[in-house]
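Undergrad: First the structure, which I've put down as structure tokens, then a few questions once you've had a look.
The values are calculated or read from the model by the stated rules, or taken from the named source; none is laboratory data. As the structure is a computational prediction, the values presented were derived from the model and not from experiment. Please note: Cβ atoms are built from the backbone with ideal geometry, for glycine as well, and neighbour counts cover all protein chains shown.
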Ligand code: SF4
């Protein structure tokens, strides 16, 4: 079956998330809003990994939190298994949300230091009433084993594990409720380079074994290429390019994608020396007051006058490839 024929698991339609800014002694005077995400749309098919890439402050994590309904979107719709999450009641949402889990960037910060690894992994089983007694510990051992940890370590505390092992505990905890969809929010950025590949391999192995679907959030395009079937590039709350992984890496069309790719080093020194580099100038502007027209124009080496006036639309380039740029 081609990827396009696979069933859609997650659909995000015109998602917008604004955070109001307040001033005054009692913080009651609204003085503006942070436009964290605007008009973002994409689908993720069953068993697929969609990479979501961009510098920090581009709205990637906010998009993930909106999907998990940790934020209530300002506008737009989010469908999971065909159900509109924004219109579900509390109990329906709770039930459906257990099939969506998240793996965080900082494995240490996300684990309770006063709980043993076994209790951390087993906590969701208790909350959702999924296992009790001997069956509970069997399942905890099974989960630890699944992520490559020795079940005999179940009585140890998070500080007794290495960074990579702590991330494995976080993954085991996410798997406890047998989810079908996992948001991996920069899951390897805080890890040593030598450990990163091990965690990526583990995630890929688990995806194949359990048929998982991933949204893989990262700022580094090299990691995302390896993991993803398709990649969406975000800049200042907008998707500026979305394509299949191969297409995006072989034929990047948006200047921002080209700049992100140029920042990825090539291991061959001769190829690296002969490569043209598009260096990204400056920082991502504030989402409180985004630039007019194309939001990338203050940093774009190909900027024309028209780029300041009107924001380009996301245009279809054929073959699942869409770009938001007047040059294309
Ligand atoms: Fe650069 Fe203009 Fe394209 Fe924006 S629309 S990316 S400023 S060329």
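Undergrad: Kindly indicate which of 258, 309, 322 is within 16 Å of the ligand (Cβ to nearest atom) and modelled with pLDDT of 95 or more.
TA: The unique qualifying residue is 322.
Undergrad: Oh, and also: Quick test of your reading of the structure: residue 194 fulfils all but one of (1) more than 16 Å from the ligand (Cβ to nearest atom); (2) modelled with pLDDT under 95; (3) closer than 24 Å to residue 39 by Cβ. Name the failing condition by number.
TA: Here residue 194 meets the rest and fails (3).
Undergrad: Still on this structure, I have one more. Do you know which residues across the range 65-78 are buried (at least 17 other Cβ atoms within 10 Å of the Cβ) and more than 15 Å from residue 183 (Cα to Cα)?
TA: Within the range 65-78, 73, 74, 76 meet the criteria.
Undergrad: Here are 102, 10, 53: which of them is over 30 Å from residue 318 (Cβ atoms), crowded, with 19+ Cβ neighbours inside 10 Å and in contact with a strand residue (DSSP E or B) (Cβ under 6 Å, 6 or more places away or on another chain)?
TA: The conditions single out 102.
Undergrad: Moving on. Which one of the conditions (1) more than 16 Å from the ligand (Cβ to nearest atom); (2) modelled with pLDDT under 95 does residue 215 fail to meet, given that it meets all the rest?
TA: Looking at each condition in turn, residue 215 falls short on (2).
Undergrad: Tell me, yes or no, whether the range 189-206 has at least one residue that is under 16 Å from residue 112 (Cα atoms) and either touching a helix residue (DSSP H, G or I) at 6+ places or on another chain (Cβ under 7 Å) or surrounded by fewer than 19 Cβ atoms within 10 Å (Cβ to Cβ) (or both).
TA: No, that holds for no residue.
Undergrad: Something else: Within the range 281-305, how many residues turn out to be buried (at least 16 other Cβ atoms within 10 Å of the Cβ), assigned to a loop (DSSP other than H, G, I, E, B), without any contact (Cβ under 8 Å) to a residue 60 or more places away in the chain and near the ligand (Cβ under 7 Å from one of its atoms)?
TA: 3
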